[in-house]
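Working notes, structure below.
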Amino acid sequence: MKKLIVPLILSVAYISMAQQVQSPSKDITLDFALNAAGEPTYKVSYKGKSVVETSKMGISPKDGTSLSKGFSVIDTEQTSEDSTWKPVLGEESTIRDHHNKLTVHLQQKDSKKKMDIVFKVFDEGVAFRYEFPFEKNVEYFIVSEEHTEFDLTGDHKTFWIPGDYDSQEYNYNETKLSEVDNSRLDLNNGIALKTIESQYRVQSPLMMKSSDGLYINIFEAAVNNYPVMHLDLDKAAFKLTANLPPNAIGDKAYLRTPSVTPWRTIMVSDDARDIVASKMILNLNEPSKIEDTSWIKPMKYVGIWWEMHVGKSTWDYAGSQNAQNAGTGNMIPTGKHGATTENTKRYIDFAAKHGFDGVLVEGWNVGWEDWFGNWKEDVFDFTTPYPDFDIEEVSDYAKSKGVKMIMHHETSGSAANYERHLDRAMDVMRKYGYPAVKSGYVGRIIPRGEYHDGQTMVNHFNFVAQRMADNQLMVNSHESTRPTGYHRTYPNYIAAEAARGNEFNAWSDGNLPYHETVLPFTRLLGGPMDYTPGIFEIKMDIYDPSKTQQVHTTLAKQLALYVTMYSPLQMAADLPENYEKHLDAFQFIKDVPADWQTSNYLEAEPGDYLTVVRKDKNSENWYLGAITDENARTTEIKLDFLTSGKKYKATIYQDGKDADWKNNPKSYDIKTQTVTSKSKLKLNLAKGGGAAVSFELLD
Ligand code: NOJ
Ligand code: CA
């Protein structure tokens with residue numbers, strides 16, 4: 001591992017109140033200054049254009065003091081770092097961390113309290129965080145407010161979701177900053193906005209585009225022991241201010257010195273591809289704390305899952321009227337239970353036949369009669385199977401077929417109950433050889449009504465990842481906080497949902513056709529998403545003629561998502577019987593890897609389109625995914641990423657000539673041709689469509 005740390009300026013004798021640091025490319029300039037009131041401020045520019053105008057910083061502790069004014073600079077340091085590291089799983093096998101760093105040591109003249117602000121300036125953007133050095137008199141303190149501002153320069157185009165402290169499962173709105181409004185139900189799919197007290201509060205990552213062509217993204221990295229950052233918008237000033245979800249008594253964070261906040265990040269470029277390709281968020285997280293990572297593996301899986309979402313079967317064994325009998329001998333089966341031993345064996349057979357690593361089974365354990373509605377605190381114990389699910393038989397059968405079982409822990413928001421049962425739940429996983437768990441946190445958090453995005457729950461999600469790591473188990477959390485790169489530190493935290501997944505297409509108005517072109521610029525910047533692509537039966541009337549729901553893409557776009565939505569955990573989400581009908585298209589899902597040597601974003605525009613090629617970690621083969629929004633698109637791709645002088649067999653899975661997400665989503669066309677690095681490939685993407693291509697090295 002190459003590591004180079006060069007001190008540039010150390011402890012200069014005269015401390016200026018103003019400091020400047022640039023990105024290695026010199027395109028980005030960060031200016032720090034204390035104003036006349038001793039308030040820390042910063043501003044950011046890109047190629048001479050202002051991106052963030054002079055903005056204030058700091059926090060308010062609960063004791064009535066302030067850590068946002070009255071400061072002097074007592075020392076500064078500037079260093080430069082250029083190093084590389086290897087993620088266990090990822091879009092790249094080697095990641096470069098190249099940045100210039102400025103540390104400003106501040107002290108308040110009156111109180112003598114100290115606070116450091118650390119800036120890191122990368123080629124893709126700026127990051128900063130507050131650090132609280134050890135001080136006896138402020139050893140423990142409570143954060144009441146964070147004052148970090150992002151004073152933007154104009155009425156940018158913005159991709160935003162409402163600042164709901166409990167969920168990110170929204171369609172993105174594409175409006176001007178001045179049009180952000182959580183009370184407009186037309187922008188929020190009619191969802192009741194229970195925990196959104198503010199009309200103009202949005203979530204981060206917030207992706208924007210300025211009228212002069214700058215792509216700007218505001219986010220955070222390494223959220224640990226601190227709430228998630230939401231953003232309050234001052235529409236008159238185009239200014240965003242950090243907003244932290246409180247706990248039940250209004251406190252934002254309990255800290256003790258020494259401690260640090262998460263990094264606040266501002267990415268900027270005139271090329272949208274730089275935002276999606278950036279590894280800045282990962283670089284801002286701590287290296288892996290797991291020494292032996294050999295057990296952390298990418299996984300492609302199928303599961304007893306979509307059949308419940310489309311209403312073919314149920315999670316519960318005995319129906320909600322049997323809630324009071326859950327777990328007793330008095331349950332009368334409804335006959336629609338999905339997680340039976342027999343059905344599980346069917347999925348195991350399918351996984352084994354088609355080379356999938358794992359099978360997820362939801363609804364295997366007692367408690368689902370009461371999971372959605374009454375939410376008793378201890379509805380689940382995570383250890384007791386339903387009478388028609390023989391966990392031993394299922395696990396033995398999976399082993400005999402070379403398939404791994406994926407555990408499911410729906411907590412129904414009862415995080416305290418989950419923590420109490422966690423060790424026993426993990427014992428079951430180890431006993432039966434389940435290498436990974438999908439967890440879920442549907443509903444308000446029990447027992448204290450904490451927000452999903454508050455400090456307590458941030459710590460819960462990270463704690464579960466740590467405990468799972470101790471037991472060599474991988475985690476995929478649903479309804480958790482959105483990731484901010486913590487999977488660098490705990491690479492067993494292989495995926496999360498934390499955005500609106502494909503499941504919404506089964507039972508709601510669904511995901512807008514441009515949804516998957518926004519996610520790479522927002523949710524995916526923090527880490528892999530368990531989006532669960534691969535739905536071939538696009539229209540739900542196949543299950544019940546009265547159903548009008550449908551997936552808002554073509555079938556070919558569902559294939560492309562395996563490449564455009566990076567995740568080391570990928571589900572083939574549709575039912576085995578639906579794949580059996582289209583084995584030619586299914587071949588792409590079987591072939592596509594989930595771990596990569598390198599990735600190259602060829603085309604990207606948030607909300608419009610994205611084309612990426614990735615090279616398999618373990619072979620010389622390449623894979624391409626191209627997606628578009630509601631508009632059809634034609635593009636020509638130069639194949640100069642292929643090794644020159646070599647021949648490849650390209651298999652192109654694309655929309656049929658007459659395909660369209662709404663009227664003819666299942667029309668696709670597959671062709672093969674021999675290509676070299678000199679070839680060009682013309683792709684025709686239908687409305688809501690996409691294309692997937694595999695390039696297999698010949699000879
Ligand atoms: C919501 C999750 O996102 C979904 O995947 C799961 O099937 C249900 N909760 C039940 O746990
Ligand atoms: Ca969900």
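The values are calculated or read from the model by the stated rules, or taken from the named source; none is laboratory data. This is a predicted model, so every value here is computed, not measured. Methodologically, a virtual Cβ is constructed for each residue, glycine included, from the backbone with ideal geometry; neighbour enumeration extends over all protein chains shown. Only protein heavy atoms, including side chains, enter the accessible area calculation; ligands, DNA and RNA are left aside. Shrake-Rupley method; radii C 1.70, N 1.55, O 1.52, S 1.80 Å.
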Exercise. Which value in Å is the Kirkwood Rh of region 655-699 over different Cα pairs?
Worked result: 12.1 Å
Exercise. Applying 1/(1 + (r/R0)^6) with R0 = 30 Å to the Cβ-Cβ distance of ASP63 and LYS376, what FRET efficiency is obtained, to the nearest 0.05?
Worked result: 0.20
Seminar exercise, completed: Each label sits 7 Å from Cα toward the beta-carbon; between TYR140 and SER16 the label points are separated, in nm, by 4.3 nm
Exercise. How high is the relative contact order of region 508-561, given as a whole-number percent (alpha carbon pairs under 8 Å, six or more residues apart)?
Worked result: 42 percent
Exercise. Sorted from largest down, what three extents in whole angstroms do the Cα atoms of region 474-582 have along their principal axes?
Worked result: 47, 26, 22
Problem set entry | Reciprocal mean inverse distance between Cα atoms of region 297-395 - Kirkwood radius, Å | 14.1 Å
Problem set entry | DSSP bridge orientation in the chain - percent antiparallel, rounded to nearest 5 | 85 percent
Seminar exercise, completed: Taking Cα atoms only, Rg over Rh for region 146-287 with Rh from the Kirkwood formula is 0.96
For this session: Could you please put MET571, MET17 in sequence from largest to smallest accessible area, using a 1.4 Å probe?
Result: MET17, MET571
Seminar exercise, completed: Quarter of the surface of the C-alpha convex hull for region 412-502, i.e. direction-averaged projected area in nm², equals 5.9 nm²
Problem set entry | For region 91-230, convex hull volume per residue from C-alpha positions, Å³ | 181 Å³
For this session: Output the pairs from LYS646/LYS680; LYS69/LYS239; LYS297/LYS678 with a Cα-Cα distance over 23 Å in this structure; if there are none, say none.
Result: LYS297/LYS678
Exercise. In angstroms, what radius of gyration and Dmax does region 401-452 have, counting Cα atoms only?
Worked result: 12.9, 44
Exercise. Taking a quarter of the surface of the Cα convex hull of the chain, what do you get in nm²?
Worked result: 30.6 nm²
Problem set entry | Sparse-neighbourhood loop sites, trypsin sites (Lys or Arg not before Pro) in region 232-286 - DSSP loop, at most 16 other Cβ within 10 angstrom | LYS235
For this session: Using only Cα atoms, find the angle between the long axis of helix 455-470 and the longest principal axis of the chain, and express it within 0 to 90 degrees, rounded to the nearest 10.
Result: 60 degrees
Exercise. Any idea what angle helix 391-400 forms with the longest principal axis of the chain, computed on alpha-carbon atoms, 0 to 90 degrees, nearest 10?
Worked result: 90 degrees
Problem set entry | the chain, helix-only ellipticity at 222 nm - DSSP H runs n ≥ 4, -39,500 (n - 2.57), divided by all residues, nearest 500 | -4000 deg cm²/dmol
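Considering Cα pairs under 8 angstrom that are at least six residues apart, work out the relative contact order of region 507-596 and quote it in whole percent.
This gives 33 percent for region 507-596.
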Exercise. Trypsin sites (Lys or Arg not before Pro), restricted to region 309-395: which are DSSP loop and have at most 16 other Cβ atoms within 10 Å?
Worked result: LYS312, LYS336, LYS376
Exercise. Which order do ILE142, ILE28, ILE542 take by accessible area at a 1.4 Å probe, largest first?
Worked result: ILE542, ILE142, ILE28
Exercise. What share of all Cα pairs of region 526-632, in percent, falls into each consecutive 5 Å distance bin?
Worked result: 2, 11, 20, 23, 20, 13, 6, 3, 1, 0
Seminar exercise, completed: Taking placed amide H atoms and a strict 5 Å upper bound, the residues 5 or more places from ASN365 or on another chain that come that close are TYR386
Exercise. Considering the Cα trace of region 547-699, what is its radius of gyration and what is Dmax, both in angstroms?
Worked result: 14.8, 52
Problem set entry | 1.4 Å probe accessible area per residue over the chain, in Å² | 36 Å²
Exercise. So what's the angle, to the nearest 10 degrees on a 0 to 90 scale, between helix 415-431 and the longest Cα principal axis of the chain?
Worked result: 50 degrees
For this session: Keeping all protein chains in position, work out how much accessible area THR651 exposes to a 1.4 Å probe, and write it in Å² to the nearest 10.
Result: 20 Å²
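Hey, what did region 407-450 get for relative contact order, percent, Cα under 8 Å, at least 6 apart?
63 percent
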Problem set entry | trypsin sites (Lys or Arg not before Pro) lying in DSSP loop within region 622-686, provided at most 12 other Cβ fall within 10 Å | LYS657, LYS678
Exercise. In square nanometres, what is one fourth of the surface area of the convex hull spanned by the alpha carbons of region 16-88?
Worked result: 7.9 nm²
Exercise. Round to a whole number: what % of the accessible area of the chain belongs to carbon and sulfur, probe 1.4 Å?
Worked result: 48 percent
